[in-house]
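The values are calculated or read from the model by the stated rules, or taken from the named source; none is laboratory data. Predicted model, so just to flag it, every value in this text is computed and none were measured. For neighbour counting, all protein chains shown are included, and Cβ atoms are generated from backbone atoms with ideal geometry for every residue, glycine included.
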């Protein structure tokens with residue numbers, strides 16, 4: 001109870017402040033706007049060490065597609081360590097934090113490209129409703145019910161990635177429409193070296209059809225299991 005009262009007072013007095021962290025020698029500065037965004041920052045930096053290790057060990061100059069970038073924590077970390085990042089995030093709350101985090105960390109526009117659309121299946125713009133239950137910076141969900149707080153633009157990755165650099169690595173964390181994203185980005189995703197995706201029904205079978213090998217599993221906190229796949233054609237090139 002004391003901690004809740006303390007956080008409430010802090011939010012009332014100074015809702016915005018910069019959280020500074022040093023991650024394996026990398027100085028990371030992230031904007032906090034209220035309790036939810038701070039919780040998301042702490043969760044990303046403490047509960048997914050495998051994602052941080054993966055990003056930090058990607059070769060400089062690699063291209064990362066961060067699908068479901070949220071406030072850009074992993075995108076910023078990748079950009080700070082020499083990668084080129086396309087950060088796909090449709091929610092205005094999260095986009096505001098993503099843009100602000102780019103400014104705070106002095107990320108140039110040719111290093112990190114925010115893409116303000118949701119990814120799905122299809123070669124034309126569609127509209128998807130979003131949940132009214134988590135309208136706070138750092139949290140949002142696709143919502144399939146009748147009640148919604150708004151709509152977001154949705155389009156297939158294959159259609160919009162034609163002008164992007166080809167991905168070397170892809171991270172997909174979108175809480176629901178993973179299958180649609182894979183189907184809508186089939187030709188783009190099959191070119192990646194590695195893909196990390198939150199486990200959902202049917203995803204393993206689709207990744208196999210795309211030419212990726214058996215998944216490496218990561219599970220560090222409740223109700224979240226990530227699978228990381230390696231492109232077998234890239235693996236064969238390395239072993240030649």
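Taking the range 162-182, which residues are crowded, with 18+ Cβ neighbours inside 10 Å, farther than 14 Å from residue 86 by Cα and touching a helix residue (DSSP H, G or I) at 6+ places or on another chain (Cβ under 8 Å)? Scanning the range 162-182 gives 174, 178, 181, 182.
Residues checked against (1) within 24 Å of residue 181 (Cβ to Cβ); (2) touching a residue at least 12 places away in the same chain (Cβ under 8 Å); (3) under 11 Å from the mean Cα position of the chain (by Cα):
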| site | (1), (2), (3) |
| --- | --- |
| 61 | no, yes, no |
| 64 | yes, yes, yes |
| 68 | yes, yes, yes |
| 73 | yes, yes, yes |
| 78 | yes, yes, no |
| 81 | no, yes, no |
| 87 | yes, yes, yes |
| 106 | no, no, no |
| 115 | yes, yes, no |
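Considering the range 135-161, and only residues there that are at pLDDT 90 or above and either in a helix (DSSP H, G or I) or touching a helix residue (DSSP H, G or I) at 6+ places or on another chain (Cβ under 6 Å) (or both), the residue that is surrounded by the most Cβ atoms within 10 Å (Cβ to Cβ) turns out to be 157. Scanning the range 165-173 turns up no residue that is part of a helix (DSSP H, G or I) and in contact with a strand residue (DSSP E or B) (Cβ under 6 Å, 6 or more places away or on another chain). Residue check: is residue 101 at pLDDT 95 or above and more than 24 Å from residue 193 (Cβ to Cβ)? Here the answer is yes, as residue 101 does meet what is asked.
Residues of the range 156-199 that are farther than 14 Å from residue 65 by Cα and touching a residue at least 60 places away in the same chain (Cβ under 8 Å): 175, 180, 183, 184.
Taking the range 163-196 as the range and being modelled with pLDDT under 90 and at negative phi as the test, the residues that pass are 163, 174, 177. State whether the residues of the range 2-10 include one that is modelled with pLDDT of 95 or more, assigned to a helix (DSSP H, G or I) and surrounded by fewer than 20 Cβ atoms within 10 Å (Cβ to Cβ). The answer is no, given that none of the residues of the range 2-10 is modelled with pLDDT of 95 or more, assigned to a helix (DSSP H, G or I) and surrounded by fewer than 20 Cβ atoms within 10 Å (Cβ to Cβ). I'd like the full set of residues that are within 20 Å of residue 94 (Cα to Cα) and loosely packed, with under 14 Cβ neighbours inside 10 Å, limited to the range 19-41. If the condition is that a residue be within 20 Å of residue 94 (Cα to Cα) and loosely packed, with under 14 Cβ neighbours inside 10 Å, then 20 is the only one that fits. Please verify whether residue 114 is modelled with pLDDT of 95 or more and either surrounded by fewer than 17 Cβ atoms within 10 Å (Cβ to Cβ) or under 20 Å from residue 168 (Cβ atoms) (or both), treating the condition exactly as stated. For residue 114, the condition - modelled with pLDDT of 95 or more and either surrounded by fewer than 17 Cβ atoms within 10 Å (Cβ to Cβ) or under 20 Å from residue 168 (Cβ atoms) (or both) - is met.
Checking 116, 90 one by one, the residue that is closer than 25 Å to residue 130 by Cβ and touching a strand residue (DSSP E or B) at 6+ places or on another chain (Cβ under 6 Å) is 90 and no other.
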